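For reference, the structure discussed in these notes is given below.
The values are calculated or read from the model by the stated rules, or taken from the named source; none is laboratory data. Just so you know, these numbers come straight off a predicted model, no measurement behind them. Because the Cβ atoms are built from the backbone with ideal geometry, glycine has one as well, and the counts that use them run over all protein chains shown.
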Amino acid sequence: MEFSHAGFCRKRQAWFLSAFPSPVFRANLEASGYVLSRRTLPRGTDVETIANCKAYVARLIGIPKYEPTTHQPALTGILPFTQAMCRRSPSFARLLTELDSLMQRVRRHRS
């Protein structure tokens, strides 16, 4: 699985948006000090086609500007890794499929 750096960053923000409807993710955001501007995304939102994902994420979590070097590690650390995220984000589903495939190859190699 190959990602360009810019494409990967955009995908990562789409993954945060795909997690946003999760009560666990929102609770973790709030516990981390973020003040959410809303409780859910509009019905039918395609998180992978949102223009300017950084600004959209910033508005949702109540910060003036999304800084990847600061916010990506913090948000990645609280991602819930749910099946619902896979349904909302095909790229996240592909990531998990690739990770599973990699883990299976490692397990076979160790056996």
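Figures for the structure shown
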{"quantity": "Residue check for Arg10: in contact with a helix residue (DSSP H, G or I) (Cβ under 9 Å, 6 or more places away or on another chain) and modelled with pLDDT under 90", "calculated": "yes"}
{"quantity": "Filter pass, Arg94 being closer than 22 Å to Arg10 by Cβ, loosely packed, with under 15 Cβ neighbours inside 10 Å and within 15 Å of the chain's Cα centre (by Cα)", "calculated": "yes"}
{"quantity": "Checklist (1) surrounded by 13 or more Cβ atoms within 10 Å (Cβ to Cβ); (2) out of contact with any Pro (no Cβ under 6 Å at 6 or more places or on another chain) applied to Asn52, failing item", "calculated": "(1)"}
{"quantity": "Residues that are modelled with pLDDT under 95 and within 15 Å of the chain's Cα centre (by Cα), drawn from the stretch 28-55", "calculated": "Thr40, Leu41, Thr45, Asp46, Val47, Glu48, Thr49, Ile50, Asn52, Cys53, Lys54, Ala55"}
{"quantity": "Flag for Phe92 being farther than 17 Å from Tyr34 by Cα and either without any contact (Cβ under 8 Å) to a residue 12 or more places away in the chain or not in a helix (DSSP H, G or I) (or both)", "calculated": "no"}
{"quantity": "Residue check, Val57 part of a helix (DSSP H, G or I), surrounded by fewer than 20 Cβ atoms within 10 Å (Cβ to Cβ) and hydrophobic (A, V, I, L, M, F, W, C)", "calculated": "no"}
